[in-house]
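The values are calculated or read from the model by the stated rules, or taken from the named source; none is laboratory data. Bear in mind that the values here come from a model prediction, so they are computed numbers and not experimental data. When we count neighbours, we look across all protein chains shown, and the Cβ atoms used for this are built from the backbone with ideal geometry, even at glycine.
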C-alpha cells in the first residue's frame, strides 16, 4: 500500500521523529488510514475526516437520498436509481476482472435501466465508475472490524452539512467499532460540508463557489488534538 510505503520512507529521515508519525485521511482516505494503522502499531495517531463507518453501499445510498433533491431528482427517481445500482452491484459480484464486471453492469443498465438512463454516455459513465476494482471492493467493505483493531488515538471529524458521508450515519458506528480504544474523539463540526468548508446547504454545487479551502475550526480542531498527543512528552500523559 502506498501509504505504508510513505510512512516507511518518513521513518528513514533523520529530521523526523518516527514515534510521532500519524495519518490524516479524508473520505476514502478515512478507510485507508485505519487499514494502515491496524497493521502498524507504531502509527502515533489517525484523523478521519469524513471517514465512513459503514460499508460504501450504505454510504452511497444515504448520499443519494440526501443530495438528489438538490439535483432535481424526485423521490421516485431516487428510489429507481438506488434499485438499479443495487442490481448492478449484485450482477457484478463474482466477475473475474474489470472488463467482465463492466459488461455485466452495462447489461443491467441497458436492460432494466433503459427508462432511467437516457444516454449511452451516462450509461457508460455509470458502468465504468461502479465496475472499477477499487469501487467493487469498497461496496462490500465494512470499516468496523478494521477500526476495532486500531490501538492508536483516533479523531473522527464530520461536518454537520456533509451530504456525502452523513455524520448521523457514520459517527455512531465508528464509536461502536472503537469502543475498546481508550482514546477516540468524535466531533461533528456545525455548518461544514464534506470538504470541511463553511456551507449553506452542503450540496455538491456549492463546493466550487466557496472560496474557503478548509474552515479554520476544522484545522484548529485537528491541530489542537494532535498537539496534545504527539507534542507533549509521552511520559507525562
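Name the one entry in 42, 13 that is in the same structural domain as residue 188 (by TED's automatic domain parsing), touching a helix residue (DSSP H, G or I) at 6+ places or on another chain (Cβ under 8 Å) and surrounded by fewer than 16 Cβ atoms within 10 Å (Cβ to Cβ).
From the options 42, 13, the qualifying one is 42.
Select the helices (runs of 4 or more DSSP H) contained entirely in the stretch 35-138, then report the ones holding at least 2 residues which are more than 30 Å from residue 225 (Cβ to Cβ) and under 19 Å from the mean Cα position of the chain (by Cα).
56-67, 75-92, 120-131
A quick yes/no check of all residues on (1) touching a residue at least 12 places away in the same chain (Cβ under 8 Å); (2) surrounded by 17 or more Cβ atoms within 10 Å (Cβ to Cβ):
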position	(1), (2)
131	yes, yes
159	yes, yes
172	yes, no
182	no, no
197	yes, yes
207	yes, no
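Limited to the stretch 36-73, what total is found for residues that are more than 19 Å from residue 4 (Cβ to Cβ) and in contact (Cβ under 8 Å) with a residue 12 or more places away in the chain?
21
Counting just the residues of the stretch 206-231 that are closer than 17 Å to residue 163 by Cβ and part of a helix (DSSP H, G or I), which one comes out farthest from the chain's Cα centre (by Cα)?
The selected residue is 209.
Quick check on the stretch 176-205: of everything there that is part of a helix (DSSP H, G or I) and either closer than 19 Å to residue 62 by Cα or assigned by TED's automatic domain parsing to the domain that holds residue 68 (or both), which residue is farthest from the chain's Cα centre (by Cα)?
205
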